[in-house]
Amino acid sequence: MSESTSQATAVPMLALNNGVRIPQLGFGVFQIPPEDTRVAVGEALAAGYRHIDTAAAYRNEAGVGAALAESAIPREEIFVTTKLRNGEQGSPRAAFEASRKALGLDVIDLYLIHWPVPSQGLYTQAWKELEALYSQGLVRAIGVSNFLSGHLDTLLAGASVVPAVNQIEAHPTFHQAALADKSRSHGIAVEAYSPLGQGRDLDSPVVTELAAKYSVTPAQVVLAWHLGIGNIVIPKSATPARIRENLAAASLSLAPEELERISALESGQRIGADPAVAAFTQM
């Protein structure tokens, strides 16, 4: 995966498996109320973020779209991700069009299947529809989220397009190294959500020690760890100061042994739902 640096934001850029470039540090809007999303995304864009991650299930795509419309930043400089809701795996085309309309975009940069929901048995069928959207130029890259090893095997067995991204729960105490390695072995980039362990990983002695050493915050240390091990990462905040603070993590480089010390915090404790059994519709 090749790397360069965006002069506009000083955030590393990763090349996905189809050559599309994605800012490695983005801004997530999960759990930001719809009425607050426009302002939060506007703050993020003003701070220098050029990668915004939303989803139909978050019910705030319209707020993202409003912020994009108000911004003077050229569209080609902003990378936008959204996701297919679980309850719409049987109708991906209509779901995609609804997201595109809410976002006010002709082309979406990255479209993901949000969860495999294996009990539905629809994700391979949905993937074929995403492949069609991709072939028609309506989306620049397609991928998956929360796909475990077996889900990837099933998908890849019938896929014409290898997913560009697998967005998974990943943070120091639960970074799913085997799944990340498998994803990368197929050329699938790993994107981390809940990158700070919903705050639970920030009090680790290793993290606080490194924060003191570099005169940065624990959150910046953890985000720098993600960047250092090659993850795409999408922290979320609605607080302007925290939004800027998270972005500044791109300027922190940890030594290999420091990355290893943080990786050693792995506990195997998942915070979110288990993709092997998760079956909510998100509707």
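Bear in mind that the values in this text are calculations on the coordinates, not laboratory data. Keep in mind that this is a model prediction, so the values were computed, not measured. Here Cβ is always computed from backbone atoms with ideal geometry, including for glycine, and neighbour counts include all displayed protein chains.
Per-structure values
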quantity	calculated
Ranked SER237, SER267, criterion: other C-beta atoms within 10 Å, fewest first	SER267, SER237
Global geometry of segment 3-263, whether rounded, prolate or oblate, following the gyration tensor of its Cα atoms and the 1.5 cut on a/c	oblate
Fewest-first ranking of ARG140, ARG270, using other Cβ atoms within 10 Å as the exposure measure	ARG270, ARG140
Cα centre as origin, Lys/Arg/Asp/Glu Cβ charges: segment 3-263 dipole, Debye	320
Residue of GLY26, GLY137, GLY187 that the Gaussian network model of the chain assigns the largest fluctuation, springs spanning Cα pairs under 10 Å	GLY137
Radius 12 Å from Cβ of VAL207, net charge of other residues (Lys, Arg +1; Asp, Glu -1)	-1
Sequence of THR82, THR37, THR217 once ranked by neighbouring C-beta atoms within 10 Å, starting from the fewest	THR217, THR37, THR82
Candidates TYR49, TYR58, TYR111: whichever shows maximal mean-square fluctuation once the chain is modelled as a Gaussian network with Cα springs under 10 Å	TYR58
Simple spin-label estimate for LYS128 and ARG200 in nanometres, 7 Å along Cα-Cβ	3.9
Restraint check, LYS101/LYS182; LYS101/LYS128; LYS182/LYS213; LYS128/LYS236, Cα-Cα greater than 29 Å	LYS101/LYS182; LYS182/LYS213; LYS128/LYS236
Per-residue [θ]222 nm for the chain (sum of -39500 (n - 2.57) over DSSP H runs n ≥ 4, rounded to 500)	-11500 deg cm²/dmol
Rel. contact order, % - alpha carbon contacts under 8 angstrom, at least six apart, segment 31-165	20
Local net charge near VAL221, Cβ-Cβ under 13 Å (Lys/Arg +1, Asp/Glu -1)	-3
Beta bridges per DSSP with both ends in segment 3-263, % antiparallel, nearest 5	25
Whole-Å distance, taken between Cα centres, linking segment 14-53 and segment 67-100	12
Within-10-Å neighbourhood charge of LEU148 [Cβ basis; K, R +1; D, E -1]	-1
VAL39/GLU257 FRET efficiency (R0 30 Å; Cβ-Cβ; nearest 0.05)	0.15
